[in-house]
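Structure record follows, encoded as C-alpha cells.
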Amino acid sequence: QVQLVESGGGLVQAGGSLRLSCAASGRTFSNYAMAWFRQAPGQERGFVAGISGLGSGSRTYYADSVKGRFTISRDNEKNTLYLQMNSLKPEDTAVYFCAADQTFQTTARRIDFWGRGTLVTVSS
C-alpha cells in the first residue's frame, strides 16, 4: 500500500502562493495515479488536481476552479507529489488531502488511499 503524508499548508494572503507536498511510501508510487482533493467545513471532499501514473503518461487534470492557478506535479525519484498554488483566493481555504489510486479518479469515494490532510487558509 501507499502511505501518504501532506505538508506545506499554512496561512497566506489572497493572491499569495503555497506549495504543498505529499510524501509517499510504497513500492509502486510511480505507477499510481495521484491527486489532490480539498474539503472546506460543511462541504464534500472535492477534486482539485490529479496526475496519472508514469505508465499513463503523467497526464494532469484540474478542476475548473483552480485551472490556470494550480499546478500538480510529481517526482517519482523522491516519491513526492506537489501542488503549486498561485493566485490563491479565500475560496481556496480548505483542508487539502493527498490521494493515491491505481487508476485516475476524480470522485473521492473511489479513492483507495488518503493522506491525513494539511490546512490551507487564505485570508482576504
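What accessible area per residue, rounded to a whole number of Å², is obtained for the chain using a probe radius of 1.4 Å?
Value for the chain: 53 Å² per residue.
So, in Å, what gap is there between the alpha-carbon centers of region 1-32 and region 54-124?
A separation of 8 Å, based on Cα centres.
Calculate the translational D of region 2-70 in whole µm² s⁻¹ from Stokes-Einstein, where the hydrodynamic radius comes from the Kirkwood formula applied to all Cα pairs, the temperature is 25 °C and the viscosity 0.890 mPa s.
Diffusion coefficient, whole number: 179 µm²/s.
Carbon and sulfur: what percent of region 3-115's accessible surface (1.4 Å probe)?
44 percent
Which trypsin sites (Lys or Arg not before Pro) in region 26-124 sit in a loop by DSSP (not H, G, I, E or B) and have at most 13 other Cβ atoms within 10 Å of their own Cβ?
In loop regions of region 26-124 (DSSP not H, G, I, E or B), the sparsely surrounded trypsin sites (Lys or Arg not before Pro) are ARG27, ARG59, LYS67, LYS78, ARG116.
Expressed as a rounded percentage, what relative contact order does the chain have, with Cα pairs under 8 Å and six or more residues apart?
36 percent
Say R0 is 25 Å: what FRET efficiency, to the nearest 0.05, do ARG69 and GLN102 get from their beta-carbon distance?
The pair ARG69/GLN102 has a calculated efficiency of 0.30.
Of the candidates SER73, SER56, SER21, which one comes out as most mobile in a Gaussian network treatment of the chain with C-alpha springs shorter than 10 Å?
Comparing SER73, SER56, SER21 in the GNM, the peak value goes to SER56.
Report, in debye and to the nearest 20, how large the dipole of region 1-89 comes out about its Cα centre when Lys and Arg carry +1 and Asp and Glu carry -1 on their Cβ.
100 debye
Taking Rh as the Kirkwood radius computed over C-alpha pairs, what is the Stokes-Einstein D of region 53-124 at 10 °C in a medium of viscosity 1.306 mPa s, expressed in µm² per second?
Estimated via Stokes-Einstein, D reaches 116 µm²/s.
What is the calculated FRET efficiency for ASN31 to THR60, with r their C-beta to C-beta distance and R₀ = 22 Å, to the nearest 0.05?
0.85
Normalised by the empirical 2.2 N^0.38 Å for globular proteins, what value does the Cα Rg of the chain take?
That ratio works out to 0.97.
The values are calculated or read from the model by the stated rules, or taken from the named source; none is laboratory data. Just so it is clear, the model here is predicted, and its values are computed rather than measured. Glycine gets a Cβ as well: all are built from the backbone with ideal geometry, and neighbour counts include every protein chain shown. When the accessible area is computed, the model is the full protein with side chains, heavy atoms only, and any ligands, DNA or RNA have been set aside. Shrake-Rupley method; radii C 1.70, N 1.55, O 1.52, S 1.80 Å.
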